[in-house]
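The values are calculated or read from the model by the stated rules, or taken from the named source; none is laboratory data. Remember, predicted model here, so these are calculated numbers, not experimental data. With ideal geometry, Cβ positions are generated from the backbone for all residues, glycine too; neighbour counts draw on all protein chains shown. When the accessible area is computed, the model is the full protein with side chains, heavy atoms only, and any ligands, DNA or RNA have been set aside. Shrake-Rupley method; radii C 1.70, N 1.55, O 1.52, S 1.80 Å.
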Amino acid sequence: MRMRPWELPSAAKTAWARLANALAWRSPNRLKDVRLTLAQRQAALQDKEVLSQSILDSVQAEIAVLDRHGFIVAVNAPWLQFAQENEVATAPRQAPYSCIGVNYLAICDAALGDLDAPGAADISLGIRAVLDGTKPRFMFDYPCHSPDEQRWFQTLVTPLQGLGAGVVVSHTNITEMVHANRARFETEERFAQFMQALPASASIKDSAGRYIYANPHAQRLMCSADWRGKRADELFAFDVATQCQMSDEQALDSGSAVVEETISTGQGPAATYQTHKFKIVRFGHPDLLGGVSLDITELKNTQVALTRAKAQAESANNAKSRFLAYISHDVRQPLSALSLFIHVLKSRAEPQNRGLVAQIDACCASLSAMLTDVLDVSKLELELVKPQSTRFGVGAFLQELANVYAASAKEKNLRLRVRLNGYGLLTANTDRSLLTRMVGNFIANALEHTKSGGVLLALRHRDGRHWIEVWDTGAGMQAQQAELIAQEFSPSSAERSIRVGGLGLSIVAKSAALLGLRVHMRSRQGRGSVFAVEVPLVQRQDEDAPAAASAAAHALRIALVDSHDSARLALTFALEALGHDVHAASSGEALLRQLGDQAPDLIMTDNGLHTEGNGLQVIDLVRVAFGRLLPAVVVSGNTDPGFSTHLAQQGVALCLKPLKIPDLEAAFRLAMDQSIANPASGA
């Protein structure tokens with residue numbers, strides 16, 4: 001009887017089951033399924049290997065996987081390229097240049113002591129330390145230079161997890177980072193050296209006002225070694241800290257600020273600093289605030305000293321000006337009176353005494369001229385003369401000068417000629433008063449040193465410039481003496497104390513320097529000399545219009561005011577000797593009482609009156625009293641061109657002391673001409 005499987009004993013059932021399973025595995029269909037599964041799993045494994053290799057190859061670093069014995073079991077493409085470039089030896093059983101199967105530790109050990117493989121020992125020790133678990137990871141930077149360039153690499157060793165796992169070794173090219181770090185280090189080093197040597201306090205604060213950098217100078221100001229991270233109110237006095245915080249806010253708002261701060265370190269007097277603050281913009285980060293402080297204490301002290309010195313110099317100049325004004329008026333006053341008395345004496349002197357009177361007159365004139373020269377030189381040296389450029393016809397200017405000195409030339413039987421050479425219609429643009437004095441000194445000097453012949457006043461064009469030249473036929477000078485005088489006209493003559501050509505030539509030299517004009521001279525012994533001054537000519541002018549007819553010369557009713565009795569008496573004698581009707585008084589009020597209701601033809605007054613104000617005030621008083629712009633003349637020793645300009649603006653003529661009759665008559669004519677040209681009422 002045949003038993004079914006479920007009817008068998010339990011032991012038999014187990015054996016039967018095993019047999020059935022064995023027969024089932026041997027089934028053709030089942031074997032086919034197993035093979036298919038194995039092929040699929042192998043393909044998936046290969047795909048994973050390809051994916052893993054692709055991932056490794058995509059990494060720029062050179063990567064190798066080592067087993068626990070140091071053999072290379074996997075590498076990426078950058079590693080292969082690196083191995084080929086550096087000719088790493090390969091094992092006989094490995095694929096060419098794959099490096100798989102090579103013991104990397106053996107390669108490192110073999111390179112010990114090789115100068116071309118620095119760091120091999122350190123890398124070998126580091127890999128072993130990670131393999132045996134002594135270190136969780138290892139990193140090492142080393143040079144690996146090629147014949148073409150210098151290179152640096154960084155080795156990183158990290159462990160693989162799992163039973164019997166090895167390590168991953170990566171090499172990364174860090175050449176650019178090394179160069180960048182070196183450049184940054186050099187920059188920081190240069191910055192540190194610069195800040196150390198900077199003769200100023202330099203600091204940097206964060207946006208909250210805390211110090212994050214300070215050079216040695218700044219640290220000394222803080223008087224604290226523990227300054228880092230502190231604010232100004234923790235390091236400085238309250239007033240300094242408050243001002244510092246305000247300027248910080250201003251610099252952060254506007255971009256920069258400049259302030260002055262007085263800081264005391266407790267080790268001496270307080271010092272003044274000028275601080276330049278500026279915002280340091282950092283994109284993506286809070287802005288910083290930089291500051292550089294310069295010690296300007298010495299500069300401030302110098303400025304204070306200069307201010308005091310300037311005030312003292314101005315005070316001294318003012319005192320000198322007052323002294324010169326006193327000299328001009330009070331010293332000229334008796335000379336003026338003496339000159340007038342001499343003039344009266346000439347008309348009354350006996351024939352046998354006229355020679356003596358002439359000598360007295362010459363001495364008086366010489367003394368007057370010398371005093372004028374001294375005062376003019378003093379004013380030029382003190383820079384009290386301010387040039388005032390005007391335009392005037394140079395031809396008429398030279399003819400007027402010739403007319404002024406014609407009498408002196410005639411007295412010496414000398415010819416005084418003017419030669420314009422076709423340039424007489426040109427216009428000069430300079431200070432007429434100073435130029436008049438300069439050329440006048442040349443003419444006076446020529447007349448003084450010429451015994452026979454004559455003097456030529458010429459206008460010429462030479463070297464692209466126009467020159468006023470004064471030629472004489474005098475004895476001339478030796479070469480050495482001519483050279484000394486020529487030096488007087490050099491640009492450095494303003495500093496010279498030697499006077500070789502008299503005060504007149506010194507005045508010329510200083511006036512020329514003031515006007516920026518050139519002066520030169522030439523002389524030949526026995527032939528004469530020529531002195532010349534440059535004159536700036538700017539344009540042509542029309543023919544000079546005929547001068548307006550001067551007021552007819554006739555006896556005038558003159559109102560005279562002078563607080564000096566001797567001068568008033570001398571003027572009265574001189575004017576009456578000329579046929580004028582003189583009403584003299586010591587003050588304006590006294591003069592009005594003398595005049596009564598009859599207006600004078602001309603007002604003549606001294607500018608410096610002891611009894612009241614000045615001459616202009618007297619003139620205004622008389623003009624208002626009679627309601628007319630009466631002709632007026634002021635007598636003064638003030639040679640300042642600005643003073644004469646001011647008088648002209650008031651319709652007043654100026655006659656300089658010491659007085660001479662021809663000068664007085666010229667001033668009278670000018671005053672009368674101005675009155676005719678401007679008949680406006682003064683009321």
TODO: Rank-order 235-244, 657-666, 132-141, 621-630 by packing density, defined as the average count of other C-beta atoms within 10 Å over each peptide's residues, highest first.
DONE: 657-666, 621-630, 235-244, 132-141
Task: 5 angstrom amide H check on W152, placed H, neighbours 5+ away - done: C144, I174, T175
Task: For the range 437-447, 3J(HN,Hα) per residue [Karplus equation, 6.51 cos²θ - 1.76 cosθ + 1.60, θ = phi - 60°, Hz, x = Gly/Pro] - done: 5, 5, 5, x, 5, 4, 5, 4, 5, 5, 5
- [ ] Return the long-range amide H neighbours of L160 (sequence gap of 5 or more, or a different chain), with a cut-off of under 5 Å between placed amide H atoms.
- [x] G166, V167, V168
TODO: Could you tally the net charge around Y211, taking each other residue with its Cβ under 14 Å from the Cβ of Y211, Lys/Arg +1 and Asp/Glu -1?
DONE: +2
TODO: Rank-order 120-127, 221-228 by packing density, defined as the average count of other C-beta atoms within 10 Å over each peptide's residues, highest first.
DONE: 120-127, 221-228
- [ ] Using Cα centres only, tell me the gap between the range 401-464 and the range 177-203 in whole Å.
- [x] 73 Å
Task: Taking N as its residue count, the alpha carbon Rg of the range 197-294 over 2.2 N^0.38 Å - done: 1.01
- [ ] Please state, as a whole number in µm²/s, the translational diffusion coefficient that the Stokes-Einstein equation yields for the range 564-613 at 37 °C and 0.692 mPa s, with Rh defined as the Kirkwood radius across alpha carbon pairs.
- [x] 280 µm²/s
Task: Nonlocal amide H pairs with L560, under 5 Å, H built at 1.01 Å - done: H583, A584, A585, M604
- [ ] Just the number, please: carbon plus sulfur as a percent of the accessible area of the range 171-213, 1.4 Å probe, no ligands or DNA/RNA counted.
- [x] 59 percent
Task: 9 Å beta-carbon shell around A165, net charge (K/R +1, D/E -1) - done: 0
- [ ] Go through the range 428-435 residue by residue and turn each phi into a ³J(HN,Hα) via Karplus (6.51, -1.76, 1.60, θ = phi - 60°); whole Hz please, and just put x for glycine and proline.
- [x] 8, 10, 6, 6, 5, 4, 5, 5
- [ ] Express the accessible area of the range 118-250 per residue in Å², computed with a 1.4 Å probe while the remaining protein chains stay in the model.
- [x] 59 Å²
Task: Carbon and sulfur %, accessible surface of the range 246-288 computed with the full protein complex present, 1.4 Å - done: 53 percent
Open item on the list: Can you compute the FRET efficiency between A208 and F140 using 1/(1 + (r/R0)^6), with r the Cβ-Cβ distance and R0 = 35 Å? Round to the nearest 0.05.
Closed with: 0.30
Task: Stokes-Einstein diffusion coefficient of the range 143-260, Kirkwood radius over Cα pairs, 10 °C, 1.306 mPa s, in µm²/s - done: 84 µm²/s
Task: Out-of-range pairs (alpha-carbon distance over 21 Å; input K451/K510; K310/K386; K412/K510; K230/K279; K279/K300) - done: K451/K510; K412/K510; K279/K300
